[in-house]
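Asks: Next up is a structure, given as structure tokens.
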Amino acid sequence: MAGAPEIWVLVLAGGAATYAWRGLGVLLSGRIEPDGELFRWVACVAYAMVAGLIARIIVMPTGTLAETLLPERLAACAVALVAFYATRRNLFAGVAAGAASLVALNYLRVAL
Amino acid sequence: MSETTHSSGAAALRGGAREALGVPAAVLGAGFIGYGSLAAEHGYSVAQAVAATVLIWALPAQLVLIELPALGASLLAVIAAVMFSSARFLPMTISLMPLLRDSRYGAVTRYACAQVISMTTWAVSMQRCPLLPVEQRLPYLAGFGIACLAVSAACTAAGHGLAGVFPPLARLGFVFLTPLYFFVILVGEVRTRLAALALSCGAISGPLFHLLSPEWSVVLAGFAGGSIAYWLQKAYGRRA
């Protein structure tokens, strides 16, 4: 399967659209001092944007995740955090436990 | 996270790669297996799916690129949505690059390294780089980022080949791994109070702004949440 040419257009345009932000970031970063106030504000905006996107994906997902319920996703996040701290901050244990509980909760709801 | 410095730039590069080839690569790999199999179901060839991972290197944007055309959106609308969803790379790059600045790395190296910045590599580098000598930070990011990118590209191809093998329920787990991973690193690994404040403000504003305007939500939540956090720390930070 060669794949449709219009998918190549999408992929290349998507790559360019994403790199535009990265390249602009390198360009603008040249004038910013890492211990200045502007740097602190930009870092706050970056953390908030990342957190905002993740929160949006967890609270209001699109695609496959939209088939799950909000309480299921929130419970899975809580399980992940509990497992993370219970295993002395083992990221793998936390993430695996969280994903497994989402699958299990979803399975129980659909099966019962 | 045992060692904090390396003997040279090359050692920092290898050290970064070694750190990536643990939990980060496992979680990203699983997420990209899910992406690869989704892409296959939407008519992507294996080369197209791998190219998307390497060139875009942002899972939310790659999912937009699959979901929106499937809903019948025009090319222009799809590209606009990708730009909105990946606007975070601007403040992410601006806030990481000054930490990596060192006279021995030229512009080409810096522009090339910007491509490996992702939510994972950024979140890890923001924590790790201040602990490293300045000349080792850029090699560390490069090693960590290239290793993550290579594993993700390989897993995209594997997922493409495995399309149809996973039951929908298993794919649900794969798709949820990545947001969950970010959730746990962001909650569990952030050390400074300012970053914690910014994360909380962003997490609250993200869904709120999504209700107002789905396409502008990431940008607006970042500016509003980040500015509120910055202001709160400035106004109350010294007393707390």
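The values are calculated or read from the model by the stated rules, or taken from the named source; none is laboratory data. Bear in mind the structure is a predicted one, so any value in this text is a computation, not a measurement. Methodologically, a virtual Cβ is constructed for each residue, glycine included, from the backbone with ideal geometry; neighbour enumeration extends over all protein chains shown. Protein only, heavy atoms only, side chains kept; ligands, DNA and RNA dropped before computing areas. Shrake-Rupley method; radii C 1.70, N 1.55, O 1.52, S 1.80 Å.
Asks: Just need log10 I(q)/I(0) for chain A at q = 0.10, 0.18, 0.21, 0.24 Å⁻¹, Debye formula, equal scatterers on the alpha-carbon atoms, no solvent, rounded to two decimals.
Replies: -0.55, -1.01, -1.06, -1.18
Asks: Suppose a student asked you for the relative contact order of chain A, using Cα pairs under 8 Å spaced at least 6 residues apart; what percent would you report?
Replies: It comes to 14 percent, rounded to a whole number.
Asks: Give the Kirkwood hydrodynamic radius (Å, one decimal) of the range B:62-189, defined as one over the mean of 1/r across all pairs of different Cα atoms.
Replies: Across the range B:62-189, the inverse of the average 1/r is 16.9 Å.
Asks: Residues of the range B:110-155: accessible area per residue at 1.4 Å, in Å²?
Replies: 25 Å²
Asks: Below 8 Å, C-alpha to C-alpha, sequence gap of six or more: please give me the relative contact order for the range A:51-112 in percent.
Replies: 27 percent
Asks: Leaving out ligands and nucleic acids, note down the accessible area per residue over chain A with a 1.4 angstrom probe, in whole Å².
Replies: I get 48 Å² per residue for chain A.
Asks: If you line up the Cα atoms of the protein assembly as shown on their principal axes, what length do they span on each, largest first, in Å?
Replies: 53, 44, 40
Asks: Most mobile of B:Gln48, B:Gln62, B:Gln136 per a Gaussian network model of chain B (Cα springs, under 10 Å)?
Replies: So, out of B:Gln48, B:Gln62, B:Gln136, the one fluctuating most is B:Gln48.
Asks: Taking 2.2 N^0.38 Å as the expected size of a compact globular protein, what ratio does the Cα radius of gyration of the range B:155-222 give against it, to two decimals?
Replies: It is 1.49.
Asks: Tell me the trypsin sites (Lys or Arg not before Pro) within the range B:134-192 that lie in a loop according to DSSP and have at most 10 other beta-carbon atoms within 10 Å.
Replies: B:Arg191
Asks: Here's something else I'd like to know. Using only the Cα atoms of the range B:190-240, what do you get for the radius of gyration and for Dmax, in Å?
Replies: Over the range B:190-240's Cα set, Rg and Dmax evaluate to 11.7, 38 Å.
Asks: Then there's this: Debye calculation, C-alpha points only, no solvent: report log10 I(q)/I(0) for the range B:1-146 at q = 0.17, 0.20, 0.21 Å⁻¹, in the same order as the q values.
Replies: The computed values of log10 I(q)/I(0) come out as -0.97, -1.20, -1.27.
Asks: Still on this model: If we count trypsin sites (Lys or Arg not before Pro) as exposed when they sit in a DSSP loop and have at most 15 other beta carbons within 10 Å, what is the longest stretch of chain A that avoids them all?
Replies: Segment A:32-87 is the longest.
Asks: Please compute the contact order of chain B in relative form: average sequence separation of alpha-carbon pairs under 8 Å and at least six residues apart, divided by the residue count, as a percent.
Replies: 33 percent
Asks: Between chains A and B, what is the buried accessible area in Å², counting both sides, with a 1.4 Å probe and ligands, DNA and RNA left out, to the nearest 100?
Replies: Chains A and B together bury roughly 7400 Å² of accessible area.
Asks: Of all the accessible heavy-atom surface of the protein assembly as shown, with the other protein chains kept in place and a 1.4 Å probe, what percent is carbon and sulfur?
Replies: In the protein assembly as shown, the share of accessible area belonging to carbon and sulfur is 70 percent.
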